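Inspection log for the structure reproduced underneath, given as structure tokens.
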Amino acid sequence: MLRTFVRFMCSAGSGQTKKPPISVFGIEGRYVTALYSAGHQINQLEDIEKHLRVLQKELVKPKIVDFVETSMISAANKAKLLEEIGKQAGMPAAAINFLSVVAENGRLKKLRRMITMFLAVMVAHRNEALCEVITAKPLDDSARKSLMDALKKFVKQGKNITLTEKVDPSIIGGMIVGVEDKHIDMSIARKIQMYTDILKQSV
């Protein structure tokens, strides 16, 4: 069934599979590769990504978890239901077909992992470096510019930095920065904790 899915998805374009910009592995990787290839060929990757992000949030809701895990509903009926939901939500045909095949093949329990993998592929597709900064109060323009200049030294040259800003007063001051797979805690709260631990050890 997966091979049929791959052939069907690729028939929308040249018939040549377009490999993701990063390696994806396992059964999830095969589905993601097929979806990426189809979305790329019909120029709907961003639209697919948008709908999968919405779906990702829905998949953690208790009723949806029950639907995914129940054996009381057949795989075929789950596939039909997802097709209808996808159409009502205005999903691209490639995304609807993807969900249908995942359900029909009994792989819905792996769907969250597949979506996470696809979103990671899209980050690489846009040549993005995802960065997150947490501060005690919002950054002003000057501080944001200084931060962006510093972040450019941490990421591969040519990558586009996508910065997410969060405010958490509990860190007191300073900042916590996540740059791709790096994590740097420069918060005052962390320093206080460090000094507290040192003092406890000296008692």
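On the basis of being assigned by TED's automatic domain parsing to the domain that holds residue 18, crowded, with 16+ Cβ neighbours inside 10 Å and at pLDDT 90 or above, does residue 115 make the cut? Walk me through how you get there before you give the answer.
Details: assigned by TED's automatic domain parsing to the domain that holds residue 18: yes; crowded, with 16+ Cβ neighbours inside 10 Å: yes; at pLDDT 90 or above: yes.
So residue 115 passes the test.
Within segment 19-39, can you find the residues that are surrounded by fewer than 20 Cβ atoms within 10 Å (Cβ to Cβ) and part of a helix (DSSP H, G or I)?
26, 27, 29, 30
For segment 119-154, enumerate the residues that are over 13 Å from residue 177 (Cβ atoms) and among the aliphatic types (A, V, I, L, M).
Of everything in segment 119-154, those that are over 13 Å from residue 177 (Cβ atoms) and among the aliphatic types (A, V, I, L, M) turn out to be 119, 120, 121, 122, 123, 124, 136.
Evaluate the following for residue 52: is it under 28 Å from residue 24 (Cα atoms) and either over 20 Å from the mean Cα position of the chain (by Cα) or not assigned by TED's automatic domain parsing to the domain that holds residue 188 (or both)? Steps first, answer last, please.
Details: under 28 Å from residue 24 (Cα atoms): yes; either over 20 Å from the mean Cα position of the chain (by Cα) or not assigned by TED's automatic domain parsing to the domain that holds residue 188 (or both): yes.
Considered against the rule, which asks whether it is under 28 Å from residue 24 (Cα atoms) and either over 20 Å from the mean Cα position of the chain (by Cα) or not assigned by TED's automatic domain parsing to the domain that holds residue 188 (or both), residue 52 comes out as yes.
Kindly indicate which of 126, 53 is surrounded by 13 or more Cβ atoms within 10 Å (Cβ to Cβ), touching a strand residue (DSSP E or B) at 6+ places or on another chain (Cβ under 7 Å), among the charged types (D, E, K, R) and closer than 30 Å to residue 157 by Cβ. Let's see the steps before the verdict.
Numbers: 53 fails: touching a strand residue (DSSP E or B) at 6+ places or on another chain (Cβ under 7 Å).
Exactly one residue qualifies, and that residue is 126.
Which residue, of 120, 129, 95, is within 18 Å of the chain's Cα centre (by Cα) and assigned to a strand (DSSP E or B)?
On the way: 120 fails: assigned to a strand (DSSP E or B); 95 fails: assigned to a strand (DSSP E or B).
Step by step, each of 120, 129, 95 is checked, and only 129 is within 18 Å of the chain's Cα centre (by Cα) and assigned to a strand (DSSP E or B).
The values are calculated or read from the model by the stated rules, or taken from the named source; none is laboratory data. Predicted, not measured: the structure shown is a model, and the values here were computed from it. Positions of Cβ are backbone-derived with ideal geometry, glycine not excepted, and every protein chain shown enters the neighbour counts.
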